[in-house]
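The values are calculated or read from the model by the stated rules, or taken from the named source; none is laboratory data. Just so it is clear, the structure is predicted and the values come from calculations on it, not from any experiment. Note: ideal-geometry Cβ built from the backbone for every residue, glycine included; neighbour counts use all protein chains shown.
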Amino acid sequence: MSDRDVNLVLRSTRVITPEGTCAASVSVAAGKIVAVQPYAAQVPAGARLEDFGDDVVLPGLVDTHVHVNDPGRTEWEGFWTATRAAAAGGITTLLDMPLNSLPPTTTVGNLRTKQDVARPKAHVDTGFWGGAIPSNVKDLRPLYDAGVFGFKCFLSPSGVEEFPELDQEQLARSMAEIAGFGGLLIVHAEDPHQLAAAPQESGPKYADFLASRPRDAENTAIEGLIAAAKRHGARVHVLHLSSSDALPPIAAAKREGVRISVESCPHFLTLTAEEVPDGATEFKCCPPIREAENQDALWEGLADGTIDCIVSDHSPCTTDLKTPDFASAWGGISSLQLGLPAIWTEARKRGHTLEDVVRWMSAAPAELAGLDQKGAIEAGRDADFAVLAPDETFTVDPAELHHRNQVTAYAGKTLHGVVRSTWLRGERIVENGTLAEPTGRLLERNI
Ligand SMILES: [Zn+2]
């Protein structure tokens, strides 16, 4: 590409690049970043200049853990609403989880069904995880060849009957198969025996719910996963880590060279068990939000690199499923649109920088999924950006969220960081909360 092809230059005094934050001009041609130059670089003739002043330009966020539930449970969410919420929150790429939709993404046929549904509705680039369930070992390779980014499995009941968990023998079989073709297994790690042994009190008290999903269930499952990954030489990823007690064994496994990565979520990092009111099941998810002291340790795990990335685990439902009984309410927290300001608000309090946030929420999830064209502002990558006013605050009004259901644990919170605009492959897709028509593409694993 020469200067003549550049059609857009984005300029700001604060552009977050892999080398740090600097005043820069970012040149875009055909939806790709072609150069990152000094702030005052000459704008090529015919190119449009967008100058954001002191607002921060960061790479569009990559959220690899979203339950879109479409088709099948579209009253919970859907590709139209989920991708609009993502775009409004500065996310330009999302990967959909294989369960809670009907069908689940467990065969190539089911994947095609989901892609057909998503294609006309995607406001951001959208890809798919496959699912590993007891009956589909033979489908894993074809799904991988069809472009899924890896495979999700559960070690304890998933909450929906069409997506059963794997027992240890089934886990070994699926893991061996996936390792055989170099794939990635992503795991909901709670041990079913520990869960079964925990006290199961129903009712509105959060403490009872917390006791029913003990840290030991996560710790045991993760230690078993590490052992299995070692045995099979497999690449594994721990989804939604909540128990900080599992950090030392994970760190040790990483030091030993086990191919394991870890994510945590905004709710574990910004909300605490102590603040959950009785009956407030918008705070229910599995594993659960734990104590403040646990949260402090998770932030240490982020700081020292034991936790690689932060993704939403956006798992919405209709209001009526959030009954005040913690035992029977649907488990899942809606936060797709709010992840960036929620994390940034907490991160800045704890002395972290926006560069850290970008690493956790854009670069690292892109790397997890092998999305080489996403996750950084540098020449050759897609021209995906979020423009953020980091010091501005807003108070979360659920009615203003683009989620299909306006239920969220963040209602009434005052957060730092207002997304001014979001850009996908060189086109502005959101400006001050107003969305353009959908131009998201369906992504397949880079083959
Ligand atoms: Zn999830």
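Before moving on, here are some points about what is shown:
- Scan of the stretch 290-312 for residues that are without any contact (Cβ under 8 Å) to a residue 60 or more places away in the chain and either within 16 Å of the ligand (Cβ to nearest atom) or touching a Cys at 6+ places or on another chain (Cβ under 7 Å) (or both), ordered by number: Ile310
- When the criteria are applied in full, Glu263 fails the requirement of being in a helix (DSSP H, G or I) and either without any contact (Cβ under 8 Å) to a residue 24 or more places away in the chain or within 16 Å of the ligand (Cβ to nearest atom) (or both).
- Ala228 within 16 Å of the ligand (Cβ to nearest atom), touching a Leu at 6+ places or on another chain (Cβ under 7 Å) and either assigned by TED's automatic domain parsing to the domain that holds Ala132 or not in a helix (DSSP H, G or I) (or both): no
- Test: residue in the stretch 180-187 that is surrounded by 18 or more Cβ atoms within 10 Å (Cβ to Cβ), out of contact with any strand residue (DSSP E or B) (no Cβ under 8 Å at 6 or more places or on another chain) and assigned to a helix (DSSP H, G or I): no
Let's see how each residue does on (1) within 16 Å of the ligand (Cβ to nearest atom); (2) out of contact with any strand residue (DSSP E or B) (no Cβ under 6 Å at 6 or more places or on another chain):
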residue	(1), (2)
Ala30	no, yes
Gln37	no, no
Ala40	no, yes
Arg48	no, no
Asp54	no, no
Gly60	no, no
Val68	yes, no
Ala88	no, no
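- Residue in the stretch 319-338 that is at pLDDT below 95, among the polar types (S, T, N, Q) and either farther than 30 Å from Asp191 by Cβ or not assigned by TED's automatic domain parsing to the domain that holds Leu247 (or both) present: yes
- Looking across Ser242, Ser315, one residue alone is under 30 Å from Thr353 (Cβ atoms), within 16 Å of the ligand (Cβ to nearest atom), modelled with pLDDT of 95 or more and among the hydroxyl-bearing types (Ser, Thr, Tyr). It is Ser242.
- Residue in the stretch 99-120 that is assigned by TED's automatic domain parsing to the domain that holds Pro266, within 16 Å of the ligand (Cβ to nearest atom), in contact with a Gly (Cβ under 7 Å, 6 or more places away or on another chain) and in a strand (DSSP E or B) present: no
- Residue match in the stretch 121-134 (condition: more than 14 Å from the ligand (Cβ to nearest atom), over 20 Å from the mean Cα position of the chain (by Cα) and farther than 20 Å from Leu239 by Cβ): no
- Some residue of the stretch 319-334 being under 24 Å from Gly412 (Cα atoms), away from the ligand (no atom under 16 Å from the Cβ) and not in a loop (DSSP other than H, G, I, E, B): yes
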